[in-house]
Amino acid sequence: MRAVGDDQAGHGRRRASNASDDLWADFADLVLIISREIQFRGYSSKEAVSLSPSEGIVMRYLHRHPGAIPSRIAHASGLQRSNLSTVLRGLEDKGVIERRSSAEDGREVKIYPTARGTSNYALVRAEWAGLVSAAAGDAADLGSAVALLRRVEAGLVGHRKGDAP
């Protein structure tokens with residue numbers, strides 16, 4: 001049985017493995033392990049609102065793109081529209097997003113983080129920063145690592161999305 005993504009790495013293309021491929025595989029493994037460790041620990045602050053992985057994806061997108069319409073959020077997050085509707089209801093119930101009618105077209109709804117959603121995002125990011133920086137110690141090459149991760153994210157999202165709507 002193959003792990004999720006085995007065929008996605010080369011978009012179905014098989015090529016000979018080399019030392020560089022092994023390093024990229026290690027990189028991917030470590031990203032997944034680190035992500036899981038961060039999620040596993042939860043939050044120390046009682047004020048923090050816990051979110052499901054899908055809710056977290058949507059909130060991260062909304063903090064970069066407040067006022068997005070649901071179809072754009074679904075496309076950008078990789079969620080099906082029906083699943084996004086459930087996620088948005090959950091986020092509304094937690095008080096971290098709000099729906100507003102579009103000023104341009106009253107039939108269109110735009111999604112925004114609430115003040116609680118914005119403060120929660122800042123709070124959990126501060127907790128993540130403390131956790132990760134304590135684990136890493138002195139990380140002189142942190143800027144390079146973040147730049148690399150952003151390039152990887154953009155490349156992966158670009159391959160998944162194809163042409164944006």
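What to note about this one:
- Yes/no for L62 being surrounded by 13 or more Cβ atoms within 10 Å (Cβ to Cβ), free of Cβ contacts under 8 Å to residues at least 40 places away in the same chain and not β-branched (V, I, T): no
- Condition met for L148 (under 24 Å from I73 (Cα atoms), in a helix (DSSP H, G or I) and not hydroxyl-bearing (S, T, Y)): no
- Only one of the numbered conditions (1) open to solvent by 80 Å² or more (accessible area, probe 1.4 Å); (2) at pLDDT 90 or above is not met by F27, and that is (1).
- Of the residues making up the stretch 87-102, those that are exposed (fewer than 13 other Cβ atoms within 10 Å of the Cβ) and out of contact with any strand residue (DSSP E or B) (no Cβ under 9 Å at 6 or more places or on another chain) are R89, D93.
- Top-ranked residue in the stretch 124-135 [being of a type outside the set (D, E, K, R) and surrounded by 11 or more Cβ atoms within 10 Å (Cβ to Cβ); ranked as farthest from the chain's Cα centre (by Cα)]: A135
The values are calculated or read from the model by the stated rules, or taken from the named source; none is laboratory data. Here the structure is a predicted model, which is why all the values come from computation and not from measurement. Cβ: placed from backbone, ideal geometry, glycine included. Neighbour counts: every protein chain shown. For accessibility, only protein heavy atoms count, side chains too; no ligands or nucleic acids. Shrake-Rupley method; radii C 1.70, N 1.55, O 1.52, S 1.80 Å.
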